[in-house]
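Here's the structure we're looking at; comments come further down.
Any read-out appearing in this document is the output of simple, stated calculations on the displayed coordinates, not a laboratory observation. The shown structure was predicted, so the numbers you read here are calculated from the model rather than taken from an experiment. Cβ placement follows ideal geometry from the backbone for every residue including glycine, while neighbour counts extend to all protein chains displayed.
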Amino acid sequence: MVYPPAPWSLQGYAVGTLQLVDVARVRPLVPSELEIVSLLPGKTLGGIYISSYGLGSVMEYNELIVISAIAHYAGKWGAWISHIYVDNPNSVAGGREIWGLPKELAQFSWEGSHSVKAAPLGYRVTVRQENRLLCSLNYSQPTLALPLPLSGKFFSADSSNLLLFKGKFESRIGLIKTELEVAEESPFASLNLGQPLLTAACEDMRLTVGAPEVVGNTAVEFSY
């Protein structure tokens, strides 16, 4: 496989949700060294991020990221990515070998309001692994989008190390209406992701994913 070294620069658009997740449900998916941060009793923060990276990116591909918790370790904070899917084998290899992320291949279908199978809210993205549905998201277009620079930190893990990396992006961001369906056969169905607290559309997005740093060791070999 051929992939560029970090950092990766990506351009495109994305839809992201914000949801409350049961700490008890996500605990088995998170290394024991990470402390899950509760925002409400028994609840942490998570969400789904679905994006399409096109011209101007180091690689062109679609991506689904499941953020299942906010975590804390040795004075450092970050989001925990429990599941991640792309449709480019080179992205799978780079994600696994550079960042220790559990990337898998999947298929993405984006439908617009002018398609034959128009979604109830105007737009739909569906993610599948062969004949298995992972999730689908019906969404509207934002009525108002404002340019915002954002950044965040994310934990991951290779065979023996805890890693932390930073994502920085600039985008026009607007709130939208959504309807989320996570299939029963989906690997992340156990998280019981319900209707999002809010969903945002990111247009004209420029994302930079930095190289990871080792922040600790796992007591036992961690496997996603």
Reduced to Cα centres, the span from segment 22-51 to segment 120-144 in Å works out to 23
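So what are segment 4-49's ellipsoid semi-axes, whole angstrom, largest first, if each one is the square root of 5 times an eigenvalue of the alpha-carbon gyration tensor?
On the way: eigenvalues 147, 53, 13 Å².
Taking √(5λ) for each eigenvalue gives 27, 16, 8 Å, largest first.
Can you give the longest run of the chain that contains no GluC sites (Glu not before Pro) sitting in a DSSP loop with at most 13 other Cβ atoms inside 10 Å? Kindly include the intermediate steps, with their values, before the conclusion.
Details: sites that count: Glu130, Glu184, Glu185, Glu221.
Counting at most 13 other Cβ atoms within 10 Å as exposed, the longest clean stretch of the chain is 1-129.
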Charge tally for neighbours of Ala74 with beta carbon under 11 Å away, counting Lys, Arg as +1 and Asp, Glu as -1, is -1
Residue separation between Ala183 and Leu18 times 0.36 nm, minus their alpha-carbon distance, gives in nm 57.6 nm
Ignoring trypsin sites (Lys or Arg not before Pro) buried by more than 16 other Cβ within 10 Å or outside DSSP loops, the longest site-free run in the chain is 1-116
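For Glu35, what is the net charge nearby, where nearby means another residue's Cβ is under 14 Å from its Cβ and Lys, Arg count +1, Asp, Glu -1? List each step's numbers first, then the result.
Values: positive: Arg27, Lys76; negative: Glu33.
Net charge around Glu35: +1.
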Straight-line reach check, Lys166, cutoff 16 Å on alpha carbons, 8 or more apart in-chain or any other chain, hits among aspartates and glutamates -> Glu213
Computed over the chain: longest principal axis from alpha-carbon atoms vs helix 89-99 long axis, angle to nearest 10 degrees, is 40
Length-normalised contact order of the chain, Cα under 8 Å, at least 6 apart, in percent, tallies to 23
The summed charge of the Thr143 Cβ neighbourhood (under 15 Å; Lys/Arg +1, Asp/Glu -1) stands at +1
Note on segment 90-224: the mean projected area of its alpha-carbon convex hull, in nm², is 10.1
